[in-house]
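A short write-up of the structure that comes next.
Any read-out appearing in this document is the output of simple, stated calculations on the displayed coordinates, not a laboratory observation. Computed from a prediction, not measured in an experiment: that's the story for all the values here. Cβ coordinates were reconstructed from backbone atoms using ideal geometry, including for glycine residues, and neighbour counts include every protein chain displayed.
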């Protein structure tokens with residue numbers, strides 16, 4: 001701490017904790033514990049630097065941000081030591097009746113979850129995206145019990161850790177858990193590739209002394225305000241008043257007369273509203289902002305020590321508080337001279353960084369904003385730099401500062417209501433921005449951090465690790481996984497975090513960043529899929545057998561959706577359920593994009609039990625294991641789903657989905673597919689119980705019937721026809737209540753027909769009927785019995801393979817029958833002809849390949865074996 005700081009070491013000792021014990025060692029206080037483990041971490045850094053995903057930064061900066069062993073801005077070498085302590089703790093919890101040794105969860109959590117974001121913990125620190133912790137708590141109460149170990153490998157701000165901690169809060173848990181015995185904190189391992197994400201996660205999850213933080217933070221602000229408070233004062237009516245914020249306006253030139261236009265003066269009304277159409281003050285022409293030309297100016301940049309050309313912004317209005325009232329006015333001469341004085345001040349030793357490549361990072365380059373420090377006004381830049389100088393290796397103080405950086409940057413947009421705000425998921429600097437008084441913002445954040453402080457903190461560990469390389473975590477050591485990973489090109493995380501991380505001086509190692517970015521990072525959808533596959537392979541390894549993984553999915557792209565499913569199934573997980581998560585508040589992109597998903601999906605899958613895995617590994621005839629797999633899958637699916645007062649069909653229990661899951665399990669492990677669809681359906685009918693088009697074990701069927709009695713209706717799944725497979729299912733549903741003629745079927749068919757995937761050649765209705773159904777002598781189509789269906793499938797498969805042969809010989813394929821491609825890929829896989837799969841896959845439209853999970857699955861396997 002700076003020698004002039006108004007907070008003395010004696011005062012710090014007064015609010016500091018007494019002796020603490022960590023990993024079997026007792027320390028005088030928590031600061032001594034931190035010092036000891038920081039030195040231990042320093043010794044381990046050379047070895048840790050060799051681990052994939054290690055951040056870009058100097059040793060001292062990594063050490064200063066870390067709070068080991070509970071938080072490290074690098075792979076955490078103490079995770080397994082903490083896990084061992086937590087496992088020992090489970091025995092004590094069992095003895096006291098707070099957990100049981102035979103705890104198992106067979107069914108996934110199927111209720112749709114809706115949770116708002118407006119709670120103090122969520123609001124304390126902004127981030128690109130996060131899930132409200134009460135939503136995650138619902139899953140933790142279902143899948144875990146007190147003392148269990150929860151993992152989140154894409155933790156972001158650590159909301160999974162917060163949820164794990166808060167499961168021990170009786171007041172917060174009462175409304176979320178139906179079982180009061182299940183209330184109790186869980187332990188968490190939160191990891192992320194991003195230094196700023198892990199810093200925020202640590203501030204939310206590791207124990208800290210709020211009273212000490214409050215004293216430090218206020219002392220820092222008091223001292224800096226004494227030094228630089230004059231920069232935020234205005235002279236109004238001869239009296240000094242405090243500036244609350246200053247509005248800055250971009251300047252342009254008229255396309256007609258070339259006169260400079262101050263946007264605020266020409267486009268903003270007295271009530272603060274902004275006109276889309278306004279007049280040039282020079283020539284009087286009616287113009288819009290899009291028609292204007294940017295006005296630039298040369299200024300001397302004290303940080304770069306060079307003259308730079310930047311877009312011209314000028315301060316136009318100050319909002320101030322005088323001793324008697326709050327008001328605002330145009331800048332006066334005194335205000336202008338103060339800003340000129342500030343602009344002439346040197347900034348010594350401030351480290352700035354050139355923005356990286358990327359669409360978001362380079363968004364403001366046309367304005368001459370190429371470096372991180374240029375996102376702040378000169379006076380706010382001085383304050384931030386000074387605070388960091390006084391933070392003295394305190395991660396919590398640094399997190400407090402970063403929580404306010406967007407608010408005090410040029411990205412804080414002017415709004416007519418004067419409340420301001422920023423656009424989520426972008427580094428957008430508006431033409432009218434609000435320069436907030438950082439002292440006011442940071443003092444409010446002290447209060448916000450207090451509101452977000454909670455007693456249950458300290459049950460987990462935070463680590464910066466690549467999800468592709470979790471070498472610091474032992475296999476089969478985690479009880480449950482909840483993840484909200486990056487999805488395709490949705491958000492460019494490392495670019496958006498770059499300004500934050502420039503102040504930390506530790507940056508994301510983007511080599512393992514799982515995104516689609518074909519420009520800056522040169523990562524295609526297949527690169528993304530590979531990174532997700534590697535990550536999920538690690539998740540599968542560290543998860544205990546028979547346990548569950550829940551993934552939030554937020555992307556409108558079918559190709560990304562299929563990449564995720566392929567990656568999940570490719571490492572061994574079995575998908576059991578997909579449901580909705582409504583976070584009640586859209587980001588900028590989800591509000592404005594016409595194809596945006598308003599509700600995120602929750603994908604739930606399980607790691608097969610050791611019993612099933614051993615059966616496959618030890619069996620000499622894998623055909624015997626088909627029904628073992630199906631039974632285990634049925635035992636992990638929802639038995640009954642109630643929506644309002646109706647029973648809702650569970651699509652995962654339909655024969656088609658059960659068969660798809662079986663095929664995926666065999667193919668991803670390199671086993672030959674031992675059964676065709678017709679034989680599979682016969683086996684289902686012989687071994688399991690069918691109810692409402694779904695299959696159950698005998699015990700589940702009884703449970704289903706009992707629960708169905710309490711509902712008034714049965715809601716079958718509505719099917720639109722956008723593919724041949726959907727068309728077959730649609731026709732089966734249509735003909736369930738009796739045979740129909742082509743003329744009776746056609747009108748409804750046309751009504752439910754939607755545009756197929758690009759490149760998919762959908763057969764005509766008559767061809768689909770002819771290949772999959774039977775027609776009597778009176779022209780009525782009906783569903784064939786099992787034996788007839790088997791014969792039809794043999795004939796249909798021959799036709800499909802004949803069509804596939806045409807694609808093999810073709811030089812280029814613009815459109816193809818999807819079912820023919822599926823049949824051909826399956827036959828090639830059976831014959832181990834992987835080269836043909838890759839050959840045809842490379843010729844068909846990429847969108848058709850990447851948006852179909854079956855094709856992508858075969859292509860992915862074949863690509864690795866050619």
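A few points about this structure:
- Amide N of region 229-266 lying under 16 Å from the label point, which is placed 7 angstrom from the Cα of residue 322 along Cα→Cβ: 233-244
- Label sites at residue 777 and residue 240, each approximated as a point 7 angstrom past Cα along Cα to Cβ, lie 10.7 nm apart.
- R0 of 22 Å, Cβ-Cβ distance residue 798-residue 677: FRET efficiency to nearest 0.05: 0.90
- The chain: angle of helix 558-571 to the longest principal axis, Cα-based, in degrees nearest 10: 70
- Ordered by the count of other Cβ atoms within 10 Å of each Cβ, fewest first, 525, 277, 753 give 277, 753, 525.
- Within the chain, antiparallel bridges make up roughly 75 percent of the DSSP beta bridges whose residues both belong there.
- Shape call, region 377-530: gyration tensor on alpha carbons, a/c limit 1.5: oblate
- Order of 279, 326 - criterion: other Cβ atoms within 10 Å of each residue's Cβ, fewest first: 326, 279
- The distance between label points at residue 469 and residue 60 comes to 2.6 nm (points 7 Å beyond Cα on the Cα→Cβ vector).
- The calculated 222 nm mean residue ellipticity attributable to helices in the chain amounts to -12500 deg cm²/dmol, summing -39500 (n - 2.57) over DSSP H runs of n ≥ 4 and dividing by all residues.
- The C-alpha atoms of the chain define a longest principal axis, and helix 438-452 lies at about 40 degrees to it.
- Here the scattering of the chain is modelled by Debye summation over its C-alpha atoms, one equal scatterer each and no solvent; at q = 0.05, 0.08 Å⁻¹ the log10 of I(q)/I(0) is -0.35, -0.83.
- Relative to the 2.2 N^0.38 Å rule of thumb, region 487-577 has a C-alpha radius of gyration ratio of 1.20.
- With Cα atoms defining each centre, region 299-321 and region 475-503 are spaced 34 Å apart in the structure.
- Relative to the longest principal axis of the Cα atoms of the chain, helix 195-205 runs at roughly 90 degrees.
- Seen through its C-alpha gyration tensor, with square-root eigenvalues sorted a ≥ b ≥ c, region 366-452 comes out oblate because a/c lies at 1.5 or above while a/b is not bigger than b/c.
- FRET E, pair residue 443, residue 100, Förster distance 56 Å, beta-carbon r, rounded to 0.05: 0.70
- Per residue Cα convex hull volume in Å³ - calculated over region 213-448: 147
- Contact order relative to length of the chain, as percent, for alpha carbon pairs under 8 angstrom and 6 or more apart: 13
- Residue exposure proxy: 711, 144, ordered by other Cβ atoms within 10 angstrom of their Cβ from fewest to most, comes out as 711, 144.
- In this rough spin-label picture, where each label sits 7 Å from Cα along the Cβ direction, the residue 692-residue 25 distance is 6.0 nm.
- With the biggest extent put first, the Cα atoms of region 632-730 measure 44, 34, 22 Å across the principal axes.
- Förster-model FRET efficiency, 22 Å R0, residue 830 and residue 628, C-beta, rounded to 0.05: 0.55
- Cα centroid separation, region 336-363 to region 666-682 (Å): 62
- Shape class of region 231-281 from the alpha-carbon gyration tensor: prolate, with a/c at 1.5 or above and a/b greater than b/c.
- Derived value for region 811-857: Kirkwood hydrodynamic radius 10.6 Å. Basis is the mean of 1/r over every pair of different alpha-carbon atoms.
- Cα centroid separation - region 377-454 against region 770-836, whole Å: 61
- Semi-axes of the equivalent ellipsoid for region 326-371, Cα gyration tensor, largest first, Å: 31, 18, 9
- The slack in the chain from residue 847 to residue 269, taken as 0.36 nm per residue of separation less the alpha-carbon distance, amounts to 203.2 nm.
- Residues of region 357-385 falling in the label zone of residue 300, defined by backbone nitrogen less than 20 Å from a point 7 Å along Cα to beta-carbon, are 373-374, 377-382.
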